[in-house]
1. Applying the selection to the stretch 15-46, what residues are surrounded by fewer than 18 Cβ atoms within 10 Å (Cβ to Cβ), touching a residue at least 60 places away in the same chain (Cβ under 8 Å) and not acidic (Asp, Glu)?
2. Does Lys82 meet the test of being out of contact with any helix residue (DSSP H, G or I) (no Cβ under 8 Å at 6 or more places or on another chain) and not in a loop (DSSP other than H, G, I, E, B)?
3. Specify the residue that is modelled with the lowest pLDDT; the eligible residues are those in the stretch 363-394 that are closer than 16 Å to Pro418 by Cα and out of contact with any strand residue (DSSP E or B) (no Cβ under 9 Å at 6 or more places or on another chain).
4. Is there a residue in the stretch 115-122 that is of a type in the set (Gly, Ala, Ser), touching a residue at least 12 places away in the same chain (Cβ under 8 Å) and buried (at least 20 other Cβ atoms within 10 Å of the Cβ)?
5. Step by step: first the residues of the stretch 420-463, then only those that are in contact with a Phe, Trp or Tyr (Cβ under 9 Å, 6 or more places away or on another chain) and among the charged types (D, E, K, R), then the one that is nearest to Thr391 (Cα to Cα). Which residue is that?
6. Can you run down the residue pairs with Cβ atoms below 6 Å, 6 or more apart or on separate chains, where the first is in the stretch 296-320 and under 11 Å from Arg281 (Cα atoms) and the partner is of a type in the set (Val, Ile, Thr) and surrounded by 21 or more Cβ atoms within 10 Å (Cβ to Cβ)?
7. If a residue must be of a type in the set (A, V, I, L, M, F, W, C), part of a loop (DSSP other than H, G, I, E, B) and either in contact with a helix residue (DSSP H, G or I) (Cβ under 8 Å, 6 or more places away or on another chain) or surrounded by fewer than 21 Cβ atoms within 10 Å (Cβ to Cβ) (or both), how many such residues does the stretch 222-249 contain?
8. I need a count of the residues in the stretch 298-341 that are crowded, with 19+ Cβ neighbours inside 10 Å, over 13 Å from the mean Cα position of the chain (by Cα) and among the aliphatic types (A, V, I, L, M).
Amino acid sequence: MKYQPQEYKIKDERMKPFIDADEIEEILKNHKEPTREEVVYVINKSLNKNRLSLEETAILLNTEDPELIEEIKNGAKLLKEKVYGQRIVLFAPLYVGNLCTNNCEYCGYKASNTAMKRVTLDSESLKTQVKALEDVGQKRLILVYGEHPKYSPEFIAESVKTVYQVKSGNGEIRRVNINAAPLDIEGFKTVKESGIGTYQVFQETYHPKTYDKVHLSGKKKDFSYRLTALDRAQEAGIDDVGIGALFGLYDWKYEVLGLLRHVNHFEATYRVGPHTISFPRIQNASDLNIPDTYLVKDDEFTRLVAILRLAVPYTGLILTARESVEIRDEIMEFGVSQIDGGTNIEMEGYSGEKHEKQDIDKEQFQINDNRSLADIMDDLIEKEYIPSFCTACYRVGRTGEHFMEFSVPGFIKRYCQPNAMLTMAEYLEDYAKPEMKVKGYNLIKKKLSEYEDVEFKGKLSERLEKIKKGDRDLFF
């Protein structure tokens, strides 16, 4: 192999910036025009469930041969099946408030956008939205907040507690994740005490010059403060965090390595990787002001997701409804472990009337998969995916370093797939139409027949029967 792993120019230290743009650019430059031998070697290393280095990932990123690109995608498909099985975790985003003090060129919520209708849900409005989500079968939410002093740690914590209190029939929210502004350590501690799951902070772009250019004003303009946000979360005891980049602001190959560099930093300083990685693409938004220089084409987008899956075998990859049904269907095959379903990002949108046409001045960005949760469930079952609302790891303490110990040996498929089947059975009993219920249980029967461990198969079958008789929230 012609490449040699390099020493990082910046030593990883707790709560200190770790991105060196020149280093990332140099790695990409040093691995131009990789050979077939190199590409196959890197794919095989990943298929043995080993995380890739930046240099190895750069080899995949710089591959332009169509046949090798197809091999990368096929490798990602095989790896996903090895690690995650056929389960797809479902969640819904719920926007709590869209006040914002930042001016970000790519975001409809920017403070300067006077066309945007500003709303903050009070306790009763929040309960109404949660009930509407529970009534269609949602069990996992991510609460989204603009970056504004009103959305303090105390405000976020109180809204989380409110969500957990809402029960409608057999419906309940079992996991609340957060996407909100970076906090200081004490702020993260306050939010942690409310019982959150994952705390997401996206860097948007890991390229400092681009970051400065697209963030015109506001606290978010501070690149280093945002970069070290999830270090502060770790220091506060939140060991379940999610990172992400907004693709389309700078070179997509650079951003993939920026995400991987972030993974390296977590593992070097906290002995744990991020629970999830998100990779949204820029979509149309109210008052959008971004040149098309770095917009990511569909074929580039599908490639980068496959490469991310190979680079970090045990990290969850989240694909949002920003993407079309067709793109989501393709990408789910080779990398994604979580998607949102039945998404509505208009303030108070879940309890309101459905509109034929989206009003871009009421949303942060454009949604391109407008299917209901029921339609997505039906489609997943038709394609023999196992839709999952599982929250077991979070609730029994398999997070952070414990999750790494649990997941890296490859046990996700062994435990998560059965738990997915149990939550799928709950949905079939409580929310599915008769036709979906028949298809769903036929799929469960097929998946049960594939278990060779008779004792475990018996335990799973017993739990499934209990769900049919009215028990809920059973898991391994």
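The values are calculated or read from the model by the stated rules, or taken from the named source; none is laboratory data. This is a predicted model, so every value here is computed, not measured. For neighbour counting, all protein chains shown are included, and Cβ atoms are generated from backbone atoms with ideal geometry for every residue, glycine included.
1. Within the stretch 15-46, Met15, Lys16, Pro17, Ala21 meet the criteria.
2. On the way: out of contact with any helix residue (DSSP H, G or I) (no Cβ under 8 Å at 6 or more places or on another chain): no; not in a loop (DSSP other than H, G, I, E, B): yes.
Considered against the rule, which asks whether it is out of contact with any helix residue (DSSP H, G or I) (no Cβ under 8 Å at 6 or more places or on another chain) and not in a loop (DSSP other than H, G, I, E, B), Lys82 comes out as no.
3. Cys393
4. As a first pass, look at the stretch 115-122 and keep what is of a type in the set (Gly, Ala, Ser): 115.
Then keep just the ones that are touching a residue at least 12 places away in the same chain (Cβ under 8 Å); that gives 115.
If we keep only those that are buried (at least 20 other Cβ atoms within 10 Å of the Cβ) too, we end up with none.
No: the stretch 115-122 contains no residue that is of a type in the set (Gly, Ala, Ser), touching a residue at least 12 places away in the same chain (Cβ under 8 Å) and buried (at least 20 other Cβ atoms within 10 Å of the Cβ).
5. Glu426
6. Between residues of the stretch 296-320 that are under 11 Å from Arg281 (Cα atoms) and residues that are of a type in the set (Val, Ile, Thr) and surrounded by 21 or more Cβ atoms within 10 Å (Cβ to Cβ), the close pairs are Leu319/Ile331; Leu319/Val336; Leu319/Ile339.
7. Keep residues of the stretch 222-249 that are of a type in the set (A, V, I, L, M, F, W, C), which gives 223, 227, 229-230, 233, 236, 238, 241, 243, 245-247, 249.
Okay, now just the ones that are also part of a loop (DSSP other than H, G, I, E, B), so 236, 238, 246, 249.
Keeping just the survivors that are either in contact with a helix residue (DSSP H, G or I) (Cβ under 8 Å, 6 or more places away or on another chain) or surrounded by fewer than 21 Cβ atoms within 10 Å (Cβ to Cβ) (or both) gives 236, 238, 249.
Number of matching residues: 3.
8. Matching residues across the stretch 298-341 total 7.
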